1. Could you work out [θ]222 nm for the chain from helices alone, using -39500 (n - 2.57) per DSSP H run of at least four and dividing by all its residues? Round to the nearest 500 deg cm²/dmol.
2. Excluding H49 itself, calculate the net charge of residues whose Cβ lies under 14 Å from the Cβ of H49, where each Lys or Arg counts +1 and each Asp or Glu counts -1.
3. At a probe radius of 1.4 Å, what is the per-residue accessible area of D139, in Å² to the nearest 10?
4. Label the range 1-74 by shape, choosing from rounded, prolate and oblate, from the square roots a ≥ b ≥ c of the eigenvalues of the Cα gyration tensor; if a/c is under 1.5 it is rounded, and otherwise prolate applies when a/b is larger than b/c, oblate when it is not.
5. What accessible area per residue comes out for the chain, rounded to a whole number of Å², with a 1.4 Å probe?
6. So how tilted is helix 20-36 from the main axis of the chain? Cα-based, degrees 0 to 90, rounded to 10.
7. Projecting each Cα onto the charge dipole of the chain (Lys/Arg +1, Asp/Glu -1 at the beta carbon, about the Cα centre), which of M15, I107, L59 comes out farthest on the positive side?
8. For the chain, what % of the accessible area comes from carbon and sulfur atoms, probe 1.4 Å?
Amino acid sequence: MNKIEIHLRQVEEAMTLLDMEEVMGVVAVLRQVKKQGGTVYVFGNGGSHATAGHFANDLMKMCRIKAVCVGDMAASMTAWGNDTGWENMFYGTLNGMVKENDCVFGISCSGNSENVIRALIGGKDEWVVLCAGLTGQTDSSEINMIGLDGLVHVRVPDIRVQEDVHLMVCHAMVRELQAEGM
């Protein structure tokens, strides 16, 4: 078996391990944000940033849910990171911008990305808004300790597979919301 076949089989396995209750829990959060007229602020690092941008676009275009990819606000994000520490790059950008009825949505394969965790904790404890996200298979990660309103785990160790499945889950959630006329 070549590397391509191995990867595709791992993606297939990861898809069978998805917990549909977790996925529908995140859909319920997004549905609530739309109903309340809020905005979804999506963020992550590296490949997760790419997924965040794609997801924000799909939420706006296909579901008519206001969405922002925080990483696309590079000037603000890098200013906060440079001036107050990189753990604050998302938090600082969002602080003062997030309002009632909004959602902060973090994507972290490890579940331990300090800047993602900091912004999610800000959402939960300070701004008191809905909080959701996508993560990898680690049940002992920091993202699991926050008590998010919705969190999907991709229960395989390979980060490349996690990233593939995160995007697939985003597409599936958008399709579900579209089917509901959202």
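1. Counting only the DSSP helices, I get -17000 deg cm²/dmol.
2. -2
3. Surface open to solvent at D139 totals about 100 Å².
4. Numbers: a/c = 3.03, a/b = 1.59, b/c = 1.91.
Oblate.
5. Working: 8620 Å² over 182 residues.
Value for the chain: 47 Å² per residue.
6. The angle comes out at about 30 degrees.
7. L59
8. Carbon plus sulfur share of accessible area: 53 percent.
The values are calculated or read from the model by the stated rules, or taken from the named source; none is laboratory data. It should be emphasised that the depicted structure is a prediction, and the values quoted were computed from it without experimental measurement. Note: ideal-geometry Cβ built from the backbone for every residue, glycine included; neighbour counts use all protein chains shown. We work out accessible area using only protein heavy atoms, side chains counted, and drop any ligands, DNA or RNA first. Shrake-Rupley method; radii C 1.70, N 1.55, O 1.52, S 1.80 Å.
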